[in-house]
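The values are calculated or read from the model by the stated rules, or taken from the named source; none is laboratory data. Model, not experiment: these values are computed from the prediction. Using ideal geometry, Cβ is built from the backbone for each residue, glycine included, and neighbour counts are taken over all protein chains shown.
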Amino acid sequence: MRVIVIGASRGIGLEFVRQYRADGAAVTATARSAAGLVQLSTLGARVLRLDVTEAASAAALALQIDGAAFDVVIFNAGVFGPREADLAPPPQDDFDAVMRTNVLGPMRVLPPLAGALAPGARVALMSSRMGSIGQRTSTSGWLYRASKAAANSVLKDLSIALDGKATCVALHPGWVRTDMGGPGAELPADHSVADMRRTLAALTPADNGRFLNHDGQGIDW
């Protein structure tokens, strides 16, 4: 099995690399920092520097992986941004950073991967239940929520473009104990990732374009 994890230097992305490598998969992993690349290399991954907010970096990635025939693609790069509970307008710099990473990032990186997919590949965009409009009951982190709702739209469009070639899904990992999720979160990263790996392995073409919980249950857009 050939896997690529975009945004793999810590948390959920790092755990995906660790688990897939433990199962013997050939893993390509990206990170922005030299330290992150070194850490991933020690796990036996092929490492590539990537900053999804930089157009030149994304273009360079497409050239490096052309024809790779990945069976699984995981776009995990993301940031949270301001954590205000009210509807305060976000500072321009925060808005730009969150939207460039969470929305423009997958728009830049995922479409060029079409030429690097194996037949029947699985493509997963790491989303969040916070991006669901149908299930929304809170306004906390409203910039992050908006970015993930937009990222879900990106994934849906990708699923239409790749229909018949790959099964594309948005995944909610749960509330996970990572730097982003915090120490009080419900799930350890290894549990969340093990669930998502099982969900990805069980996908069929009929799941293309769905929004799924880490355990495979559907989520309202």
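Close contacts from segment 183-205, counting a first residue that is closer than 17 Å to Val3 by Cα and in contact (Cβ under 8 Å) with a residue 12 or more places away in the chain and a second that is not aliphatic (A, V, I, L, M) and not in a helix (DSSP H, G or I), with Cβ to Cβ under 6 Å and a gap of 6+ residues or different chains, come to Asp195/His214; Asp195/Asp215; Met196/His214; Thr199/Gly216; Leu200/Arg122; Leu203/Arg122; Leu203/Thr167.
With respect to the conditions (1) within 17 Å of Phe80 (Cβ to Cβ); (2) in contact with a strand residue (DSSP E or B) (Cβ under 7 Å, 6 or more places away or on another chain); (3) buried (at least 20 other Cβ atoms within 10 Å of the Cβ); (4) not hydroxyl-bearing (Ser, Thr, Tyr), Arg177 falls short on a single one, namely (3). Looking only at residues in segment 1-45 that are charged (D, E, K, R) and surrounded by fewer than 24 Cβ atoms within 10 Å (Cβ to Cβ), which one is farthest from Thr101 (Cα to Cα)? Looking at the filtered set, the residue picked out is Asp23. In segment 68-80, is there at least one residue being surrounded by fewer than 20 Cβ atoms within 10 Å (Cβ to Cβ), closer than 20 Å to Leu155 by Cβ and among the hydrophobic types (A, V, I, L, M, F, W, C)? Yes, segment 68-80 contains a residue that is surrounded by fewer than 20 Cβ atoms within 10 Å (Cβ to Cβ), closer than 20 Å to Leu155 by Cβ and among the hydrophobic types (A, V, I, L, M, F, W, C). Restricted to strands (runs of 3 or more DSSP E) entirely inside segment 110-221, no element has at least 1 residues that are modelled with pLDDT of 95 or more, of a type in the set (D, E, K, R) and farther than 27 Å from Ala62 by Cα. Restricting attention to segment 46-62 and to residues that are in contact (Cβ under 8 Å) with a residue 40 or more places away in the chain and under 15 Å from Gly13 (Cα atoms), the residue that is surrounded by the most Cβ atoms within 10 Å (Cβ to Cβ) turns out to be Val52.
Among residues belonging to segment 53-67 that are in a loop (DSSP other than H, G, I, E, B) and under 19 Å from the mean Cα position of the chain (by Cα), point out the one that is farthest from Asp96 (Cα to Cα).
Checking each candidate, the answer is Glu54.
Of all the numbered requirements in (1) touching a residue at least 12 places away in the same chain (Cβ under 8 Å); (2) in a loop (DSSP other than H, G, I, E, B); (3) not hydroxyl-bearing (Ser, Thr, Tyr), Ala88 misses one, and that requirement is (1). Scoring Pro112 on the criteria (1) free of Cβ contacts under 8 Å to residues at least 40 places away in the same chain; (2) more than 21 Å from Ile12 (Cα to Cα); (3) touching a helix residue (DSSP H, G or I) at 6+ places or on another chain (Cβ under 6 Å) leaves a single failure, condition (1). Counting only residues that are in contact with a strand residue (DSSP E or B) (Cβ under 9 Å, 6 or more places away or on another chain) and on the phi < 0 side of the Ramachandran plot, segment 120-143 holds 12 of them.
May I ask you to verify whether Ser132 is polar (S, T, N, Q), surrounded by 14 or more Cβ atoms within 10 Å (Cβ to Cβ) and touching a Pro at 6+ places or on another chain (Cβ under 8 Å)? No, not satisfied. Determine which single condition Thr30 fails, assuming it passes every other condition in (1) of a type in the set (Val, Ile, Thr); (2) touching a residue at least 60 places away in the same chain (Cβ under 8 Å); (3) part of a strand (DSSP E or B). With (1) of a type in the set (Val, Ile, Thr); (2) touching a residue at least 60 places away in the same chain (Cβ under 8 Å); (3) part of a strand (DSSP E or B) applied to Thr30, the lone miss is (2).
Do we have any residue at all in segment 90-101 that's surrounded by 19 or more Cβ atoms within 10 Å (Cβ to Cβ), out of contact with any Cys (no Cβ under 7 Å at 6 or more places or on another chain) and of a type in the set (A, V, I, L, M)? Yes, segment 90-101 contains a residue that is surrounded by 19 or more Cβ atoms within 10 Å (Cβ to Cβ), out of contact with any Cys (no Cβ under 7 Å at 6 or more places or on another chain) and of a type in the set (A, V, I, L, M).
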